[in-house]
Amino acid sequence: MTDRAADVVTWSTAQPGITVVRLARPPANALGVPLLEGLHAAMDAAEKAGDAKVMVITSALPKYFAAGADIKHLSSIDASAFTAYGDIMREVNDRIAAAPWLSIAAVDGVALGGGLELALACTLRVAGPGGRFGLPEVKLGLIPGAGGTQRLPRLVGRGRALDIMLTARQIGAAEAYRIGLVDRLADGDVLEAALEFAAELIGPSLPAQLAVVRTVDAAGDLALADGARYEVDRIQSLFEEGEAAEGIAAFVEKRAPNFR
């Protein structure tokens with residue numbers, strides 16, 4: 001098993017605006033520190049380039065997206081090191097969720113524990129036929145600690161989230177799609193399906209898309225009146241400082257908008 005971030009996470013440009021990040025830490029993409037540092041490096045590179053509108057995160061390993069936390073690492077550390085490791089996982093996921101681009105997790109294999117939490121941090125999720133999802137931490141005497149207890153209920157509701165977490169069971173792609181954990185199903189190659197999805201997303205205004213995401217996410221935390229005010233603030237900001245002028249002008253002039 002390699003322990004270099006540069007070896008376990010690679011990235012490339014699939015087409016202008018779309019970055020593909022591949023996880024490759026055999027045998028199962030355990031979320032050790034090198035892989036987490038590699039994800040940071042991929043995001044650093046995307047921020048430096050400044051041209052990413054969609055980031056697709058996928059696996060280069062068959063049958064695994066990411067199998068979760070590095071259990072061997074956990075078995076050899078004390079409480080303070082456990083806290084530090086959890087902080088790194090949370091920092092990566094929070095950074096993905098707050099990134100200045102949209103993100104898609106392309107999953108056609110096992111996404112368990114921290115692996116599912118990584119997928120949950122993405123804006124959207126596409127699953128292939130082999131997708132398997134679960135948060136089995138209670139089997140280890142733990143709970144999901146990198147956002148799972150917070151993000152999963154927001155997607156699938158309290159009861160379904162508790163079902164998945166309390167039983168520690170795995171669910172397949174079809175059930176994940178049915179309950180709203182997965183946004184699209186791929187009949188064949190999951191990366192190809194995710195790239196087709198990403199191509200649909202790169203046309204509209206990215207600031208407007210990000211405003212949609214932030215406003216919809218706020219709906220889960222705010223009272224209706226507060227959420228409505230937040231919506232007004234965001235649309236006013238887009239009109240004054242975003243790309244609305246270009247979008248409106250393009251509509252009037254019957255041409256494609258020239259968004260950044």
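The values are calculated or read from the model by the stated rules, or taken from the named source; none is laboratory data. Everything quoted here is computed from the prediction, not taken from an experiment. So basically every Cβ, Gly included, is an ideal-geometry build from the backbone, and we count neighbours across all protein chains shown.
In the list 236, 209, which residue meets the criterion of being part of a helix (DSSP H, G or I) and either closer than 28 Å to residue 13 by Cα or touching a helix residue (DSSP H, G or I) at 6+ places or on another chain (Cβ under 8 Å) (or both)?
Criteria check complete, one pass: 209.
Do we have residue 221 as charged (D, E, K, R) and in contact (Cβ under 8 Å) with a residue 24 or more places away in the chain here?
In short, no.
Matching residues to (1) aromatic (Phe, Trp, Tyr); (2) surrounded by fewer than 23 Cβ atoms within 10 Å (Cβ to Cβ):
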| residue | (1), (2) |
| --- | --- |
| 96 | no, no |
| 117 | no, no |
| 147 | no, yes |
| 158 | no, yes |
| 161 | no, yes |
| 167 | no, yes |
| 177 | yes, yes |
| 189 | no, yes |
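Only one of 78, 44, 51, 70 is at pLDDT 95 or above and either of a type in the set (Gly, Ala, Ser) or in the same structural domain as residue 144 (by TED's automatic domain parsing) (or both). Can you tell me which?
Every option except 44 fails the conditions.
With assigned by TED's automatic domain parsing to the domain that holds residue 19 and farther than 22 Å from residue 98 by Cα as the only criterion, which of 195, 162 stands out?
162
Against the conditions (1) in contact (Cβ under 8 Å) with a residue 24 or more places away in the chain; (2) of a type in the set (Val, Ile, Thr); (3) farther than 19 Å from residue 124 by Cα; (4) surrounded by fewer than 18 Cβ atoms within 10 Å (Cβ to Cβ), where does residue 213 fall short? Just the number, please.
For residue 213, the failing item is (3).
Any residue in region 240-249 that is closer than 16 Å to residue 102 by Cβ and either outside any helix (DSSP H, G or I) or outside the structural domain of residue 53 (by TED's automatic domain parsing) (or both)?
yes
So if I check each of 182, 126, which one is in a strand (DSSP E or B), in contact (Cβ under 8 Å) with a residue 60 or more places away in the chain and not small (Gly, Ala, Ser)?
Just a single option satisfies the conditions, and that option is 126.
Name the residue, out of 192, 175, that is closer than 21 Å to residue 14 by Cβ, part of a helix (DSSP H, G or I) and free of Cβ contacts under 8 Å to residues at least 12 places away in the same chain.
192
How do the pairs read when you match residues in region 63-87 that are at positive phi and touching a residue at least 40 places away in the same chain (Cβ under 8 Å) with residues anywhere that are assigned to a helix (DSSP H, G or I) and surrounded by 12 or more Cβ atoms within 10 Å (Cβ to Cβ), using Cβ under 7 Å and keeping only pairs 6 or more apart or on different chains?
68/114; 68/115
So which residues in region 72-91 are aliphatic (A, V, I, L, M), within 25 Å of residue 120 (Cα to Cα) and touching a helix residue (DSSP H, G or I) at 6+ places or on another chain (Cβ under 8 Å)?
Those that are aliphatic (A, V, I, L, M), within 25 Å of residue 120 (Cα to Cα) and touching a helix residue (DSSP H, G or I) at 6+ places or on another chain (Cβ under 8 Å): 74, 88, 89.
Please work out if residue 131 is touching a residue at least 40 places away in the same chain (Cβ under 8 Å), over 21 Å from residue 214 (Cβ atoms) and either in contact with a Leu (Cβ under 6 Å, 6 or more places away or on another chain) or not assigned by TED's automatic domain parsing to the domain that holds residue 18 (or both).
Considered against the rule, which asks whether it is touching a residue at least 40 places away in the same chain (Cβ under 8 Å), over 21 Å from residue 214 (Cβ atoms) and either in contact with a Leu (Cβ under 6 Å, 6 or more places away or on another chain) or not assigned by TED's automatic domain parsing to the domain that holds residue 18 (or both), residue 131 comes out as no.
Tell me, yes or no, whether region 62-75 has at least one residue that is within 30 Å of residue 211 (Cα to Cα) and either within 16 Å of the chain's Cα centre (by Cα) or assigned to a loop (DSSP other than H, G, I, E, B) (or both).
yes
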